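J.: Shown below is the structure under consideration.
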Amino acid sequence: MDGSPAHCDTSEGGSRSAPPLLFAPYRLPAGRYAAAFEQGQSLACRSLVLRWVPNGLNKTCLGVISAKRTFRLAVARSRARRLMREAFRLERPGLREGYDLVLLGRRGLEGLSCHDVRRDLLWLCRKAGLLKQNPHA
């Protein structure tokens, strides 16, 4: 196995496919959530709350939160996390490097499509100044 995303990594968690491998390098370590909440800035829209703080690295990391208080069913919490991670994965090339982002799902996230969540994330990142000046660079 050459380690490319097209192959399945069975060493961690059985027969998982490529998406966890694609997201794993950008996952926010548990110890850095506190910094995003204590020192970071925040913006909100109908479905998401975005908190961000500079991390001093050459990549942007993402943490997602879907609270039981907001999403009563486990399946709803899991779907919310998947939608937020997928929106980040699709928008990551256009984001500036060097930030820790934390996305919190709000009640308005239920029932939205990935396109809607992606649009909300893009709006928040634009308002926060986290988009690259030239996304094709």
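J.: So is Val75 surrounded by 15 or more Cβ atoms within 10 Å (Cβ to Cβ), more than 16 Å from Leu131 (Cβ to Cβ) and β-branched (Val, Ile, Thr) or not? Reasoning before the result, please.
T.: Working: surrounded by 15 or more Cβ atoms within 10 Å (Cβ to Cβ): no; more than 16 Å from Leu131 (Cβ to Cβ): yes; β-branched (Val, Ile, Thr): yes.
No: the conditions fail for Val75.
J.: Checking Arg82 against (1) without any contact (Cβ under 8 Å) to a residue 12 or more places away in the chain; (2) surrounded by fewer than 15 Cβ atoms within 10 Å (Cβ to Cβ), only one condition comes out false. Which one?
T.: Condition (2) is where Arg82 drops out.
J.: Against the conditions (1) hydroxyl-bearing (Ser, Thr, Tyr); (2) surrounded by 15 or more Cβ atoms within 10 Å (Cβ to Cβ); (3) over 13 Å from Trp52 (Cα atoms), where does Ser113 fall short? Just the number, please.
T.: (2) is the only condition that Ser113 fails.
J.: Charged (D, E, K, R), under 15 Å from the mean Cα position of the chain (by Cα) and surrounded by fewer than 21 Cβ atoms within 10 Å (Cβ to Cβ), is that true of Arg46?
T.: no
J.: Sticking with this structure for a sec: Restricting the search to the stretch 49-72, which residues are part of a loop (DSSP other than H, G, I, E, B) and either among the charged types (D, E, K, R) or crowded, with 18+ Cβ neighbours inside 10 Å (or both)?
T.: Kept after step one, since they are part of a loop (DSSP other than H, G, I, E, B), are these residues of the stretch 49-72: 55-60, 66-72.
The answer is Asn55, Lys59, Thr60, Ser66, Lys68, Arg69, Phe71, Arg72.
J.: May I pose another question? Quick check on Arg126: is it without any contact (Cβ under 8 Å) to a residue 12 or more places away in the chain and under 11 Å from the mean Cα position of the chain (by Cα)?
T.: no
J.: For the stretch 73-107, which residues satisfy the criterion of being hydrophobic (A, V, I, L, M, F, W, C) and either part of a helix (DSSP H, G or I) or more than 27 Å from Pro54 (Cα to Cα) (or both)?
T.: Matches in the stretch 73-107: Leu73, Ala74, Val75, Ala76, Ala80, Leu83, Met84, Ala87, Phe88, Leu90.
J.: Can you name every residue in the stretch 116-131 that is in a helix (DSSP H, G or I) and surrounded by 15 or more Cβ atoms within 10 Å (Cβ to Cβ)? Before you say what the answer is, go through the steps one by one.
T.: Just the residues of the stretch 116-131 that are in a helix (DSSP H, G or I), to begin with: 116-128.
Within the stretch 116-131, Asp116, Val117, Arg118, Arg119, Asp120, Leu121, Leu122, Trp123, Leu124, Cys125, Ala128 qualify.
Any read-out appearing in this document is the output of simple, stated calculations on the displayed coordinates, not a laboratory observation. The structure displayed is predicted, hence computed values, not measured ones. Every residue, glycine among them, receives a Cβ derived from its backbone with ideal geometry; neighbour counts consider all protein chains shown.
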